[in-house]
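Heads up, the thing below is written out as structure tokens.
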Amino acid sequence: MGKPTGFLEYDRETSTAEAPLERIKHFHEFKTPLKLEEQRKQAARCMECGVPFCQSGCMIGGMASGCPLHNLVPETNDLVYRGNFKQAYLRLSKTHSFPEFTCRVCPALCEAACTCNVNGEPVSTKENERAIIETAYAEGWVKPEPPKVRTGKKVAVIGSGPSGLAAAMQLNRRGHEVTVYERHDRIGGLLRYGIPNMKLEKSVLDRRIHLMEEEGVKFVTGVDVGKDIKAEELTKNFDRVILACGASNPRDIKVPGRDAKNIFFAVDFLSKVTKSLLDSGDKEQISKEVRSLAEGKHVLVIGGGDTGNDCVGTSIRLGAKTVTQLEMMPKPSETRTPSNPWPQWPRVLKTDYGQEEAIAVFGHDPRIYQTTVTEFIKDEKGAVKQAKIVSLKPVKDEKTGRMNMVPVEGTEKVIEVGLVLIAAGFLGSQAYVTDAFQVKVNGRTNVETAPESYESSVPGIFVAGDMHRGQSLVVWAIREGRMAAEKVDESLMGYTNL
């Protein structure tokens, strides 16, 4: 343990964010990391506890406590404190495929489980991780690692999101020949089109993809497996197949008027914006067509969570007149409740960058809690112009004991709306893919596997990521991809050293 009294000597400090009214003028990342010397002080706050929940990744109260990848958090923190960034990078690489992604988009499960979080503020492990990986890139330590020997085995990975990329990296480095199929025009899946540039610059993603190509991974874009290419062709030409297509069925809002124009699923909207930025090349500009989706309009975002917040921030950047965000559930407590003790994930109020920007622009928090839509009203051209909303209250179901959110009589009202973005989560895998490979799915339409297994009901067909566990975090997707790769390798070689 490098600094026994570090957590007493240093207050928590994190990267500085550009002011909301300035950062909404662009789509770039807007946080400036600490200087390395200051970051070392932050790493000194780690106590190297005897029981480091930060790296446990165990389930407590239905949520993960600590890092699902089991990153060796106290060890890497200690190495950062000592200024040994190269060894910290090597140590982090033992468990992590893409720290440059999670240090930007992860909600930091490790920090929520930090012992310093019991009566104070946690160690800034997420930003320590960013310092490690960005220093590694800057110093040239992150290099292509092609295998010295090829096994002669071929693996197809369907989907290039975080789980697919993690599986591909592991299996390629093991010596198998890996081909990744992506239905969109660019590699990255959720990382490319589901997460805005403000959180993850696409140059960061491209940097890693180029490394994987140099290592020997083959990427095929614009091919929708199950439509453009038959499953039988892949199973014939490859020794194993991994399905990593994500939980791609968005949850819809089934109310009258849903067929009105200018109602989009959140990821479709975010994808249009990101694609417009990428297609413009060096200009990094939004096309008039895409900008007109929100510019000068009253925008309604249905659903909270990260995706809803991203819709708020993106709409503001496109020039929305107003932004309103509906959340069905009650407003969370600002501090932990007795029923939600450490080291459980803290179910507390979180005001993210999009909401911060809305407060700065419009003067109030865009979120309205315990509220839902009952109807969309169209104009004479069939476009949405208004939405009927109603307040909700929690009512306990006497049979099941569950709390249901039910409408409150007399609270209905109509609001002006020009764009609706549905960010209500995802329901599971898409049927045309699972049907093509004839794999069994469970009640949530996730691909079914035996416990602790990543092989589907069809021998040789494996699954990883959201398609396996349902909608989740990027860090869980990376964990799934690595675990699936281990099982695929074992099935091919009779053992695994992954």
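The values are calculated or read from the model by the stated rules, or taken from the named source; none is laboratory data. None of these values were measured; they are calculated from a predicted model. Quick reminder, even Gly has a Cβ in these numbers, built from the backbone with ideal geometry, and neighbours come from all protein chains shown. SASA here: full protein model, heavy atoms, side chains in, ligands and nucleic acids out. Shrake-Rupley method; radii C 1.70, N 1.55, O 1.52, S 1.80 Å.
Miscellaneous remarks
- Residue count, the range 428-465 (criterion: under 23 Å from the mean Cα position of the chain (by Cα), open to solvent by less than 40 Å² (accessible area, probe 1.4 Å), of a type in the set (Gly, Ala, Ser) and under 16 Å from Asn249 (Cβ atoms)): 3
- Residue that is most open to solvent (accessible area, probe 1.4 Å), among those in the range 228-284 that are of a type in the set (Lys, Arg) and touching a residue at least 24 places away in the same chain (Cβ under 8 Å): Lys230
- The range 373-402, subset open to solvent by 70 Å² or more (accessible area, probe 1.4 Å) and not in a loop (DSSP other than H, G, I, E, B), residue farthest from Ile302 (Cα to Cα): Lys396
- Within the range 199-223, the residues that satisfy the criterion of being touching a strand residue (DSSP E or B) at 6+ places or on another chain (Cβ under 9 Å) and open to solvent by 30 Å² or more (accessible area, probe 1.4 Å) are Glu213, Lys218, Phe219, Val220, Thr221, Gly222, Val223.
- Selection status of Lys41, within 25 Å of Leu191 (Cα to Cα) and open to solvent by 10 Å² or more (accessible area, probe 1.4 Å): no
- Only one of the listed residues (Thr5, Thr32) is closer than 30 Å to Glu295 by Cα and either buried (at least 21 other Cβ atoms within 10 Å of the Cβ) or out of contact with any Gly (no Cβ under 8 Å at 6 or more places or on another chain) (or both). That residue is Thr32.
- Which listed residue, of Asn119, Asn128, is of a type in the set (S, T, N, Q) and surrounded by fewer than 21 Cβ atoms within 10 Å (Cβ to Cβ): Asn119
- Within the range 341-353, residues that are open to solvent by less than 40 Å² (accessible area, probe 1.4 Å) have Cβ atoms under 6 Å from residues that are of a type in the set (Phe, Trp, Tyr) and not in a loop (DSSP other than H, G, I, E, B) in these pairs: Pro343/Phe53, counting only partners at least 6 apart in sequence or on another chain.
- For the range 87-123, a residue qualifies if it is in contact with a Lys or Arg (Cβ under 6 Å, 6 or more places away or on another chain) and either among the small types (Gly, Ala, Ser) or farther than 23 Å from Glu201 by Cβ (or both), and the qualifying residues are Ala108, Glu121, Val123.
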